Amino acid sequence: MSTNWMELIKKGNTSSAAAALGNTGIAVLKGIAAAFSGSGAMFASAMHSIADAINQGFVFLGSVLAERKPTPRFPTGFGRVINLFCMIAVIVVTIMAYETVKEGIHLLSHPSAAHHFWLNFIVLAISIAVDSFVLVKAMKEIVHETKAQATGLGVVPAAIRNVGRAAPPTRLVFYEDIVATLGALLALIAVLVTQFTAITIFDGLATIFIGLLMVGVAFKVGYDNMVGLIGVAAPNEIETNVARVILADRDVTDINKLRVVQEGRTYHVESYIELRKGLSLADADDIKFRVRDSLLTDTNISDVTLGIIEDNGVADWMEPGNEEAVRQ
């Protein structure tokens, strides 16, 4: 394998790689337990883990390909490749969700007692532990990607607040592992209920509910990535941060126009900036390149296109959600 590909793999999304490996092992254990015990909830949880392993493997591959540098044929880069791979993952989740709900309906019509209680219990306990570990890792990745200031238990609310700004693969891992953890916990409850009570119908209900959770993940991830494929404006806080970097330059008086578009996990910035009057063309060019270089110090910004015009005497730039201009 060439050094170039090794570098791309190192830049791939670590959360999806860890999740793919973890869910592959869990899926094998759950599949064995479901075959021996006949538990519908265990079957549903195994299907979910298989879907997660396939999805997150696809997503990791997509995150690696998305790191390729722009070429003459693809001048804006490959950022949206990850959105395509996430859409493939959505199809897999949807198929697995259908099979899970169908199995749940079958168990409601033909309830049966599960066997090998301790095998189910141990496998599901391991599953909850691994899924929780991956979920925590995804939360830390969200905090890292969005540059949120949080440590310890503060990572949890920070991740929930900022998940919309995280890279597509990290969002997918976050959503899927929330459902995976809840699904494994629900399957464990179903195993306990069917073992210690006569309520065999709960196994089918739990199976259907896990399938519906998978449908919810498919819808959410599918919508996010459809928007990403079309091309979506960056969140207000990203746009505001970009504007503040531009306006921090001593020779920039205002921002005439600004557009920040999300491409995969990175942003493209296009702007017309207003400079103080009386500058020569050579000086104006130097200022433009200086502002561009300042913006590109942010690793989340992959491309900057700037135009320059003379100050028109009107405050054009308004901070989103703020009545006042960032700079008067």
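The values are calculated or read from the model by the stated rules, or taken from the named source; none is laboratory data. None of the values given here were measured: they were computed from a predicted structure. Virtual Cβ from ideal backbone geometry, glycine too; neighbours counted across all protein chains shown.
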| query | Which residue, of 193, 215, 156, is surrounded by fewer than 21 Cβ atoms within 10 Å (Cβ to Cβ) and over 29 Å from residue 33 (Cα atoms)? | reply | 156
| note | The residue from 245, 314 that alone is touching a residue at least 40 places away in the same chain (Cβ under 8 Å), among the hydrophobic types (A, V, I, L, M, F, W, C), farther than 30 Å from residue 62 by Cα and loosely packed, with under 13 Cβ neighbours inside 10 Å is 314
| query | Can residue 259 be described as part of a loop (DSSP other than H, G, I, E, B) and among the basic types (Lys, Arg)? | reply | no
| task | Would you mention how many residues in the range 53-110 are surrounded by fewer than 21 Cβ atoms within 10 Å (Cβ to Cβ), within 17 Å of residue 205 (Cα to Cα) and either of a type outside the set (D, E, K, R) or in contact with an Asp or Glu (Cβ under 7 Å, 6 or more places away or on another chain) (or both)? | result | 7
| request: Identify, from the list 158, 198, 206, the residue that is modelled with pLDDT of 85 or more and of a type in the set (Gly, Ala, Ser). | output: 158
| note | Going through (1) surrounded by fewer than 18 Cβ atoms within 10 Å (Cβ to Cβ); (2) touching a helix residue (DSSP H, G or I) at 6+ places or on another chain (Cβ under 7 Å); (3) under 30 Å from residue 103 (Cα atoms); (4) of a type in the set (Val, Ile, Thr) one by one, residue 179 fails only at (1)
| Within the set of pairs 6 or more residues apart or between chains, which connect a residue that is in the same structural domain as residue 244 (by TED's automatic domain parsing) inside the range 276-301 to a residue that is surrounded by fewer than 16 Cβ atoms within 10 Å (Cβ to Cβ) and part of a helix (DSSP H, G or I) with Cβ atoms less than 7 Å apart? | none
| task | Those residues that are within 13 Å of residue 131 (Cβ to Cβ) and of a type outside the set (Gly, Ala, Ser), I need them from the range 25-43; list them, please. | result | 26, 29, 30
| task | Go over the candidates 186, 172 one by one and state the one that is in a helix (DSSP H, G or I), under 12 Å from the mean Cα position of the chain (by Cα) and either in the same structural domain as residue 46 (by TED's automatic domain parsing) or without any contact (Cβ under 8 Å) to a residue 60 or more places away in the chain (or both). | result | 172
